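Colleague: Here you go, one structure.
The values are calculated or read from the model by the stated rules, or taken from the named source; none is laboratory data. Please read these numbers as outputs of a predicted model, since none were measured by experiment. A quick note on method: Cβ atoms are made from the backbone with ideal geometry, for glycine too, and the neighbour counts reach across all protein chains shown. Areas reflect the complete protein model, heavy atoms only, side chains present, ligands, DNA and RNA absent. Shrake-Rupley method; radii C 1.70, N 1.55, O 1.52, S 1.80 Å.
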Amino acid sequence: MSGHPEIPATLRESDYALKNLLCLALLTFFAFLVMGYHPGLEDDSFYLAAIKRHLNPALFPYDSDFFRLQFQATIFDKLIAFSIRLTHLPLAWALLTWQIVAIFFLLHGCWRISRRCFARPEAHWASVSLIATLLTLPIGGIAINLADQYLHPRTLATAAILAAVVAVLDRRLWLAGMFLAIAFAIHAIMASFGISFCLFLFWNLSTRRRPDVPITATFLIPLGWLFEPASDAWRQAASTRGFYFLSRWQWYEWLGVFAPLVLLFLLQRFLRARRDLNQAPALLPLVSALIYYGVFQTGVGFIIMLPPGLERLRPFEPMRYLHLLYIFFFLIAGGLLGNYVLRRRVYRWALLFVPLSAGMFYAQLDMYRSSPHLEMPFSRNQNPWVQAFDWIRQNTPPDSLFAVDPHYETLPAEDQHGFRALAERSVLADYEKDAGMAARVPSLAPRWLKEVSALNGWRSFQPADFNRLKKDFGVTWVILSDRDQEKALKEQSDLMMCPYHRGLLKVCRLY
């Protein structure tokens, strides 16, 4: 490959030196403490429920379609369930272990890439330290973080993509293909962005003039349900996903799209003019590949997201290419800071990372005020909703069907914990998370709309409304969280019995 020197074999081998691995383990522990840990949160209401159903097929007899259909395209839930059966670890401990392992390999991949971009060790560690500190940074417009506070297939897929990038830089294309295949099996959409970036990177490394890249790698995903025709119910579900509609994006979200590309372009010009500073072989090709990748994927995003006639392609979420772009952007920014600013001055590292870590830590505490920062298997969770879910899991039959406020995840003190994942019981569709699944799987949209519509006006429900839920859907249990609702039903002892009552929350059985 003319124009760019080979990566020395000794550099590849030292990626696995014990001292470096121990330092990465400490950074992993630090990142875990800063970002927090909240199993069952947000999207984990699907992932954790899917894992639990693999371990116990009797769970979710009424509503497994809300995670089963989409998860046909991933091995994630099967992989985690298989590891639990293989190791005999308790589920909670297995999830915690996987989360820490995923963070470790994500940081390990960032560190290995930085070693190929910068010559100085302080640059390597500044890169990975910045990523470790910013893992819960939200990326504007696309509604995701660099990493999640629970085990998410995106984190595992990202770690595999980073390993593939290292393999491309080392000219080990067979290994890159293997890691990309693993990423694709775990999270197909994120892997498609990895494939796209690796193609651009390979082109830059080989100094070819034109990239041999398909129109968009996202079209390679074999998910037939994504091409089912749209319906009015599907459009209502899709309308709840703001990131599906570029016209709704705010100016600062667009700034988050174009500012990194402009800064990368300026950095590319700087590196070309000052080649004496480009001591490591991979930095300039990586920056150039990021620019081409960003411009290309932005164009793909506009093509898919803007025309109304292509609305059914929006679940491909093409603008989420920004996730990978931001990881590399901060990796490079951290390396430059380490190389030219931080160097080996301890006070400079402290001035940067102490307030930055404290800010990220405080943001997580403020976001989930009613929950422990680390929801560990050995600790008792004081969140009132999680306690109610625990009681439901232990005291209600597995074939129960629940109804709850369709906006329950946004209620005070709930902190976006998912009912299915934690209570392990079926429930009528909610407006916040199940809408996203219905937007991805159109066949679910009519059912989602029917169930959510049946729950309209939940907080003013009267006995006749609860009887209707039981008659029309077979609901056997409800969760009440409003004092007005409690007063309205106070005299209806023949309608329901509420064996659980703590604070504002009541779990009641319908008769």
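Colleague: Report the charge-dipole magnitude of the stretch 269-402 in Debye, nearest 20, computed about the Cα centre from +1 at each Lys and Arg Cβ and -1 at each Asp and Glu Cβ.
Modeller: Numbers: 14 positive and 7 negative charges, 179 e Å.
Here the stretch 269-402 has a charge dipole of around 860 debye.
Colleague: Among 114, 505, 131, flag the residue with its Cα farthest along the positive direction of the charge dipole of the chain, charges on Cβ as +1 for Lys/Arg and -1 for Asp/Glu.
Modeller: The listed residue farthest towards the positive side: 114.
Colleague: Shifting gears a bit: Could you list the square roots of 5 times each eigenvalue of the Cα gyration tensor of the stretch 86-183, that is, the equivalent ellipsoid semi-axes, sorted largest first and rounded to whole Å? All intermediate terms of the calculation are to be shown ahead of the outcome.
Modeller: Values: eigenvalues 111, 67, 39 Å².
Semi-axis lengths for the stretch 86-183 are 24, 18, 14 Å.
Colleague: Relative to the Cα centre, what is the charge dipole magnitude of the chain, using +1 at the beta carbon of each Lys and Arg, -1 at the beta carbon of each Asp and Glu, and rounding to the nearest 20 debye?
Modeller: Numbers: 50 positive and 39 negative charges, 332 e Å.
Its charge dipole is roughly 1600 debye.
Colleague: Quantify how much of the Cα-Cα distance distribution of the chain extends past 42 Å, in percent. Intermediate values should be presented prior to the final figure.
Modeller: Details: 28998 of 130305 pairs.
Result: 22 percent of Cα pairs exceed 42 Å.
Colleague: Same structure, new question: Quick one: grab the alpha carbon gyration tensor of the stretch 1-146, order the square roots of its eigenvalues as a ≥ b ≥ c, and give me rounded if a/c is under 1.5, else prolate or oblate depending on whether a/b is larger than b/c. Walk me through the numbers on the way to the answer.
Modeller: On the way: a/c = 2.15, a/b = 2.05, b/c = 1.05.
Since a/c reaches 1.5 and a/b is larger than b/c, the shape of the stretch 1-146 is classed as prolate.
Colleague: Classify the stretch 120-170 as rounded, prolate or oblate from the Cα gyration tensor: take a ≥ b ≥ c as the square roots of its eigenvalues, call it rounded if a/c is under 1.5, otherwise prolate when a/b beats b/c and oblate if not. Walk me through the numbers on the way to the answer.
Modeller: Working: a/c = 2.20, a/b = 1.31, b/c = 1.67.
Oblate is the answer for the stretch 120-170, as a/c is 1.5 or above yet b/c matches or exceeds a/b.
Colleague: Can you check what the Kirkwood hydrodynamic radius comes to for the stretch 372-452, Cα pairs only, in Å to one decimal? Walk me through the numbers on the way to the answer.
Modeller: Numbers: mean 1/r = 0.0728 Å⁻¹.
That comes to 13.7 Å for the stretch 372-452.
Colleague: Still on this model: Would you work out if the stretch 54-110 is rounded, prolate or oblate? Take a ≥ b ≥ c from the square roots of the eigenvalues of the alpha-carbon gyration tensor; rounded if a/c is under 1.5, else prolate when a/b is larger than b/c, oblate otherwise. It would help to have the intermediate numbers written out before the result.
Modeller: Details: a/c = 2.77, a/b = 1.57, b/c = 1.76.
Oblate shape, in that a/c is at least 1.5 and b/c is the bigger or equal ratio.
Colleague: Taking the simple approach of a point 7 Å from Cα along Cα-to-Cβ for both residue 501 and residue 468, what is their distance in nm?
Modeller: In this crude spin-label approximation the distance works out to 2.7 nm.
Colleague: Now for a separate question. Over the stretch 41-183, with the other protein chains present, what is the accessible area per residue in square angstrom, probe 1.4 angstrom?
Modeller: Working: 4450 Å² over 143 residues.
Counting only protein heavy atoms, the per-residue value for the stretch 41-183 is 31 Å².
Colleague: Right, another one. With a 1.4 Å probe and every protein chain kept in, tell me what percent of the accessible surface of the chain is carbon plus sulfur.
Modeller: 62 percent
Colleague: Considering amide H positions built from the backbone, and no H for Pro or chain starts, which residues 5 or more places from residue 144, or on another chain, come under 5 Å of its amide H?
Modeller: Amide H to amide H, under 5 Å and 5 or more residues apart or across chains, residue 144 pairs with 139.
Colleague: Out of all DSSP beta bridges in the stretch 378-511, what portion is antiparallel? Express it as a percent rounded to 5. List each step's numbers first, then the result.
Modeller: On the way: 9 of 13 bridges.
The antiparallel fraction comes to roughly 70 percent.
Colleague: While we're on this one: Placing unit charges on C-beta atoms (Lys and Arg positive, Asp and Glu negative, everything else neutral), compute the dipole magnitude of the stretch 1-137 about its Cα centre in debye, rounded to 20.
Modeller: Numbers: 11 positive and 10 negative charges, 71 e Å.
The calculated dipole for the stretch 1-137 is roughly 340 debye.
Colleague: Which length gain, in nm to one decimal place, applies between residue 511 and residue 453 when the Cα-Cα distance is subtracted from 0.36 nm times their residue separation? Display every interim value, and only then the final one.
Modeller: Details: separation 58, 0.36 × 58 = 20.88 nm, distance 2.26 nm.
Result: 18.6 nm gained on full extension.
Colleague: Right, something else. Rounded to the nearest 5, what % of DSSP beta bridges with both residues in the chain are antiparallel?
Modeller: Details: 12 of 17 bridges.
Counting DSSP beta bridges with both partners in the chain, the antiparallel share is about 70 percent.
Colleague: So with the 1.4 Å probe, I'd like the accessible area per residue for the stretch 355-441, rounded to whole Å².
Modeller: Details: 3210 Å² over 87 residues.
Per-residue value: 37 Å².
Colleague: Could you derive backbone 3J(HN,Hα) for the stretch 58-67 from the dihedral phi with the Karplus parameters 6.51, -1.76 and 1.60 (θ = phi - 60°), listing whole Hz in sequence and x where the residue is Gly or Pro?
Modeller: Listing the rounded values in order: 6, 6, 6, x, 9, 10, 5, 4, 5, 10 Hz.
Colleague: Rounded to the nearest Å, what's the spacing between the alpha carbon centres of the stretch 296-319 and the stretch 230-263? Just the number, please.
Modeller: A separation of 10 Å, based on Cα centres.
Colleague: Moving to a separate point now. Using the 4.7 Å Cβ rule, please list in number order the cysteines from the chain without any candidate partner.
Modeller: 23, 110, 117, 198
Colleague: Using a basic spin-label model with each label point 7 Å from the Cα along Cα→Cβ, how many nm lie between residue 268 and residue 172?
Modeller: Going from the residue 268 label point to the residue 172 one covers 2.8 nm.
Colleague: Relative to the compact globular guide of 2.2 N^0.38 Å, what is the alpha carbon radius of gyration of the stretch 326-463, as a ratio?
Modeller: Working: Rg = 21.7 Å, N = 138, 2.2 N^0.38 = 14.3 Å.
Ratio of Rg to 2.2 N^0.38 Å for the stretch 326-463: 1.52.
Colleague: Got a sec to turn the phi values of the stretch 255-260 into Karplus ³J(HN,Hα) couplings, 6.51 cos²θ - 1.76 cosθ + 1.60 with θ = phi - 60°, whole Hz, x for Gly and Pro?
Modeller: Karplus-based 3J(HN,Hα) across the stretch 255-260 equals 4, x, 7, 9, 4, x Hz.
Colleague: So if I take the centroid of the Cα atoms in the stretch 124-194 and the same for the stretch 327-343, what is the distance between those two points in Å?
Modeller: Here the two parts' Cα centres lie 18 Å apart.
Colleague: Please list, by residue number, everything in the stretch 18-32 whose backbone N is under 14 Å from a paramagnetic label point 7 Å out along Cα→Cβ of residue 93.
Modeller: none
Colleague: I would also like to ask the following. Using only C-alpha atoms and all pairs of different ones, pull out the Kirkwood radius for the stretch 420-484 in Å with one decimal. Kindly include the intermediate steps, with their values, before the conclusion.
Modeller: On the way: mean 1/r = 0.0773 Å⁻¹.
Taking every pair of different Cα atoms in the stretch 420-484, averaging 1/r and inverting gives 12.9 Å.
Colleague: Determine ³J(HN,Hα), in whole Hz, for all residues of the stretch 288-300 in sequence, where each value follows from phi through the Karplus function 6.51 cos²θ - 1.76 cosθ + 1.60 and θ = phi - 60°; x replaces Gly and Pro.
Modeller: Once rounded to whole Hz, the list reads 4, 4, 5, 5, 4, 4, x, 5, 4, 5, 5, x, 4.
Colleague: So for the pair residue 239, residue 181, with labels modelled 7 Å out along Cα→Cβ, what separation do we get in nm?
Modeller: Each label point is offset 7 Å from its Cα along the Cβ direction, giving 4.5 nm.
Colleague: Let me ask you something else. Quick one: in the stretch 244-323, what % of C-alpha pairs are over 17 Å apart? List each step's numbers first, then the result.
Modeller: Details: 1683 of 3160 pairs.
Here the tail beyond 17 Å accounts for 53 percent of pairs.
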